[in-house]
Amino acid sequence: MWAAIAAACCSWLSAQAGSSAVGPAKTVPGHFVDITEQSGVHFLHQAPHTSRKYLLETMGSGVALFDCDGDGRLDLFLVNGAPYSDPTPKGAIPQKTGPEYWNRLYHQKSDGTFEDITEKAGLAGAGYGMGAAAADYDNDGHEDLFVTGYGGNHLYHNNGNCTFTDVTATAGVAGGGWSTSAAWVDLDNDGLLDLVVLRYVTWDWDDKWCGPPENRGYCHPDVFDPISMLVYHNDGNGHFTEEAHKLGLNKPGKALGIAIGDYDRDGRIDLFIANDSMPEFLFHQKKDGTFEEVGLEAAVAVDGDGRTFAGMGVDFADYDNDGWPDLVVTTLANQKYALYHNEHDGTFDYTSYKTGFARMTLLHSGWSLFFFDYDNNGWKDLLIAQGHDLDTVEKSYPQLHYREPMMLLHNSAGKFTDVTAISGAALQQPWVGRGMAIGDMDNDGRVDAVVTTNGGAAHILRNETQTTNHWLTLRLVGHKSNRDGIGAVIQVTTGTGSQWETVTTSSGYLSSSDPRAHFGLGSSATAQTIEIHWPSGIVQTLRNVAGDRILRVDEPTAGLR
């Protein structure tokens, strides 16, 4: 979370082309428009700042995009903080004392605007919120919601009409400590989603002084001890059992971001954990269902120079269309965002230098990020929420900034180009960016984004990129697998090549995105084949599927090709 301030010389960094599974496409700038005001969303994140410089103040909060009532339109959930005193006594748990501290649920109406239904929904929340993860954990057809925070977490069961019941106690998932990101994923392929909950550091309101005597500052995470994450097995009866130790997932870390993917294509889902200022974790799932941490062996624990970095957000996706999921991790300024290319042999190559990532990101601080195809050219681009953690960073390092614009990197055949400056005024605005979720909010075939800021407003960025490219969005419905199809791997093939996507709601930082899988088809109006590897092991193949639509795909009851 803290920038390891180091001298940087970037004149020797060069941008080179990445791999090219299919032919290159023209670089098209994006066009993103901030429609927050006219959408009816009025949210201000509360992050009290004190003279004690409590670490909690810097972290921001998450956002979830999910359809709470099954009407086909994405709704919006925003996590909020809570007040605390200066100083705060050890052992205190902040509580929401008024509506300004409530979490907020905004329901999308048929005209595309939003209405605040927080009170009706029962989602005002409690405590100091951090992250959100949405998914249908009981396979009843309604998306449920898990909210992390400092001092305890909350599970809300969807009653089916955008109202929710807090079932934390009966489910046994309250946890404790400082929880950050969470992921819904079926770890044992029993058709029920399990829950992985990250925790940051072992932290309380200790009156620690960090920095020079005359200028108190936020403490480096090295000051605090690591802590293990919590892993809850879904028992199928509304109850969960914590099994991190049993599964080999109890290695202490300083975890902020989580993403899922089958990086070695052995049919078992793996987990990547972004740790702050210590080695990153890659948990490989073994044949017996337990996990082993292989970050160092896989060459993703550190950067290309062998240094640790402030891992914040993460995405696990195939950026070069070779069928193998790659990794990207955001860091703080002077550390370079980490891009790891999957080498197909259980290892990764740190390609931040070769792809130009190092040059483009050296002076930036990133949090949530996602690979998605904003111009539908068939290649996954990258959108990043940015902003430093230190509100005084410019006093010591004038080349760095506390508030930063977003970053948009266009992908053409595996080669990235920074198109932020030509992609709309909304991407030029400096924010203290933190959480971000993506999804096609207006169902027009162009993926949009919602960004949260620390102590500031949330922003809805509508994708209005002008393109004649075609697209296809798949909404998987599992029957033997979990109903959301989380963990399914989809291969879409057109006349110009193939793309792969792992269905998930959990990537980035503290946030939860549209579970529908989106594919840009380029000039192809039809997908020649769609092959879906369901978590159950069933393989389903569709042929000659027309594009430019949202298609529901139900899992068959038997393995078919």
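The values are calculated or read from the model by the stated rules, or taken from the named source; none is laboratory data. Worth saying up front: this structure is predicted, and the values here are computed from it rather than measured. Because the Cβ atoms are built from the backbone with ideal geometry, glycine has one as well, and the counts that use them run over all protein chains shown. Surface areas here come from the heavy atoms of the whole protein model, side chains and all, with no ligands, DNA or RNA. Shrake-Rupley method; radii C 1.70, N 1.55, O 1.52, S 1.80 Å.
Structural remarks
- When Ile486, Ile490, Ile550 are screened for being within 30 Å of Leu76 (Cα to Cα) and under 18 Å from the mean Cα position of the chain (by Cα), only Ile486 passes.
- Answer residue from the stretch 515-531, given it is open to solvent by 20 Å² or more (accessible area, probe 1.4 Å) and within 18 Å of Leu65 (Cβ to Cβ) and is nearest to the chain's Cα centre (by Cα) among those: Pro515
- Beta carbons closer than 6 Å, at least 6 apart along the sequence or on distinct chains, pair a first residue in the stretch 517-532 that is farther than 10 Å from Thr473 by Cα with a second that is among the basic types (Lys, Arg) and open to solvent by 10 Å² or more (accessible area, probe 1.4 Å) for Thr529/Arg543.
- Residues that are over 16 Å from the mean Cα position of the chain (by Cα) and of a type outside the set (D, E, K, R), drawn from the stretch 258-277: Tyr263, Gly267, Ile269, Ser277
- Flag if Gly356 is surrounded by fewer than 24 Cβ atoms within 10 Å (Cβ to Cβ), at pLDDT below 95 and touching a strand residue (DSSP E or B) at 6+ places or on another chain (Cβ under 6 Å): yes
- Among residues of the stretch 98-119 that are in contact (Cβ under 8 Å) with a residue 40 or more places away in the chain and more than 19 Å from Gly62 (Cα to Cα), those with a beta-carbon under 9 Å from a residue that is open to solvent by 40 Å² or more (accessible area, probe 1.4 Å) and not in a helix (DSSP H, G or I) at least six positions away or on a different chain give the pairs Gly112/Arg73; Gly112/Asp442; Glu115/Lys109.
- Single match in Asp322, Asp276, Asp318 (criterion: touching a Pro at 6+ places or on another chain (Cβ under 9 Å), farther than 27 Å from Cys219 by Cα and not aliphatic (A, V, I, L, M)): Asp318
- Residues being touching a helix residue (DSSP H, G or I) at 6+ places or on another chain (Cβ under 7 Å), closer than 19 Å to Gly62 by Cα and assigned to a loop (DSSP other than H, G, I, E, B) are represented in the stretch 174-196 by at least one member.
- Candidates are the residues of the stretch 307-356 that are farther than 23 Å from Arg199 by Cα and of a type in the set (Asp, Glu); the one that is farthest from the chain's Cα centre (by Cα) is Asp345.
- Taken together, the criteria exclude Arg73 from residues that are among the basic types (Lys, Arg), under 23 Å from the mean Cα position of the chain (by Cα) and surrounded by 21 or more Cβ atoms within 10 Å (Cβ to Cβ).
- Filtering the stretch 479-514 to residues that are farther than 23 Å from Asn342 by Cβ and either among the acidic types (Asp, Glu) or surrounded by fewer than 24 Cβ atoms within 10 Å (Cβ to Cβ) (or both) leaves His479, Lys480, Arg483, Asp484, Gly495, Asp514.
A quick yes/no check of all residues on (1) touching a residue at least 24 places away in the same chain (Cβ under 8 Å); (2) open to solvent by 40 Å² or more (accessible area, probe 1.4 Å); (3) not hydrophobic (A, V, I, L, M, F, W, C):
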position: Lys287; (1), (2), (3): no, yes, yes
position: Ala298; (1), (2), (3): yes, no, no
position: Val314; (1), (2), (3): yes, no, no
position: Gly323; (1), (2), (3): yes, no, yes
position: Val329; (1), (2), (3): yes, no, no
position: Leu332; (1), (2), (3): yes, no, no
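- Among the residues listed as Ala3, Ala8, the single one being buried (at least 18 other Cβ atoms within 10 Å of the Cβ) and modelled with pLDDT under 90: Ala3
- When Thr168, Thr241, Thr180 are checked against the criterion of being without any contact (Cβ under 8 Å) to a residue 24 or more places away in the chain and either under 28 Å from Arg483 (Cβ atoms) or aliphatic (A, V, I, L, M) (or both), a single residue qualifies: Thr168.
- For the stretch 65-79, a tally of residues being within 15 Å of Trp102 (Cβ to Cβ) and in a strand (DSSP E or B) returns 3.
- Residues located in the stretch 226-249, provided they are touching a strand residue (DSSP E or B) at 6+ places or on another chain (Cβ under 8 Å), at negative phi and assigned to a loop (DSSP other than H, G, I, E, B): Pro226, Ser228, Met229, Asp235, Glu243, Leu249
- Against the test of being touching a Gly at 6+ places or on another chain (Cβ under 6 Å), over 24 Å from Met436 (Cβ atoms) and in contact (Cβ under 8 Å) with a residue 12 or more places away in the chain, the options Ala132, Ala174, Ala126 yield a single qualifying residue, Ala174.
- Any hit, the stretch 139-161, residues being among the polar types (S, T, N, Q), assigned to a strand (DSSP E or B) and surrounded by fewer than 22 Cβ atoms within 10 Å (Cβ to Cβ): no
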